[in-house]
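Peer 1: Below is a structure I'd like to ask you about.
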Amino acid sequence: RDVDVMSHAMYPTVFEEFMEHQSEYGQLNYLDTRTFLTGMKLGQELTVTLEPGKQLVVKLIGLGEPDADGMVDVQFELNGQPRMAHIKDKTAGKAVKERLKAIKGVTGSVGAPMP
């Protein structure tokens, strides 16, 4: 896109960080800026428009405590149906040893599926 070329020309470092973030997490333009930057509060309800006529209603119900691996149970409602997701808490105080599968950008780095 022409916009990407101009963004890269004017702000190369910021553009590279943005592209890395987008490749890791995908499209995030469904969230408003405040929710993206600060996250949802308990009991908060958020309407996400995926496309015209397609909306999701998300309500944050509860957050669990981080376990030994730094994983947190997140309880929420999606269109009124209760759901739960296990999310890695990057702010958890314990250092969790993580083994990389492959080194990004290094030619010849081979990933291994072993834990």
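Peer 1: Go through region 74-86 and give me each residue that's open to solvent by less than 60 Å² (accessible area, probe 1.4 Å) and either closer than 22 Å to Glu24 by Cα or at pLDDT below 90 (or both).
Peer 2: Residues satisfying the conditions are Val74, Ala85.
Peer 1: For residues that are at pLDDT 90 or above and open to solvent by 80 Å² or more (accessible area, probe 1.4 Å), scanning just region 24-50, find the one that is nearest to Asn79 (Cα to Cα).
Peer 2: Glu45
Peer 1: Just to verify a result, which residue in region 87-115, among those that are of a type outside the set (A, V, I, L, M, F, W, C) and either in contact with an Asp or Glu (Cβ under 6 Å, 6 or more places away or on another chain) or open to solvent by less than 100 Å² (accessible area, probe 1.4 Å) (or both), is modelled with the lowest pLDDT?
Peer 2: Only one residue fits best here, namely Gly93.
Peer 1: Can you name the strands (runs of 3 or more DSSP E) wholly within region 1-92 that have at least 1 residues being of a type in the set (Asp, Glu)?
Peer 2: Answer list for region 1-92: 45-51, 71-78.
Peer 1: Please list, ordered by first then second residue, the pairs with beta carbon atoms under 7 Å, 6 or more apart or interchain, first in region 51-68 and closer than 22 Å to Pro82 by Cα and open to solvent by less than 100 Å² (accessible area, probe 1.4 Å), second β-branched (Val, Ile, Thr) and in a strand (DSSP E or B).
Peer 2: Leu56/Val48; Val57/Thr47; Val58/Val48; Gly64/Val72; Pro66/Val72
Peer 1: Here are Met71, Met19: which of them is more than 22 Å from Ile87 (Cβ to Cβ), open to solvent by less than 90 Å² (accessible area, probe 1.4 Å) and not acidic (Asp, Glu)?
Peer 2: Just a single option satisfies the conditions, and that option is Met19.
The values are calculated or read from the model by the stated rules, or taken from the named source; none is laboratory data. Quantities reported herein were computed from a predicted structural model and do not represent experimental measurements. Quick reminder, even Gly has a Cβ in these numbers, built from the backbone with ideal geometry, and neighbours come from all protein chains shown. All accessible areas refer to the heavy atoms of the entire protein, side chains included, with ligands and DNA or RNA removed. Shrake-Rupley method; radii C 1.70, N 1.55, O 1.52, S 1.80 Å.
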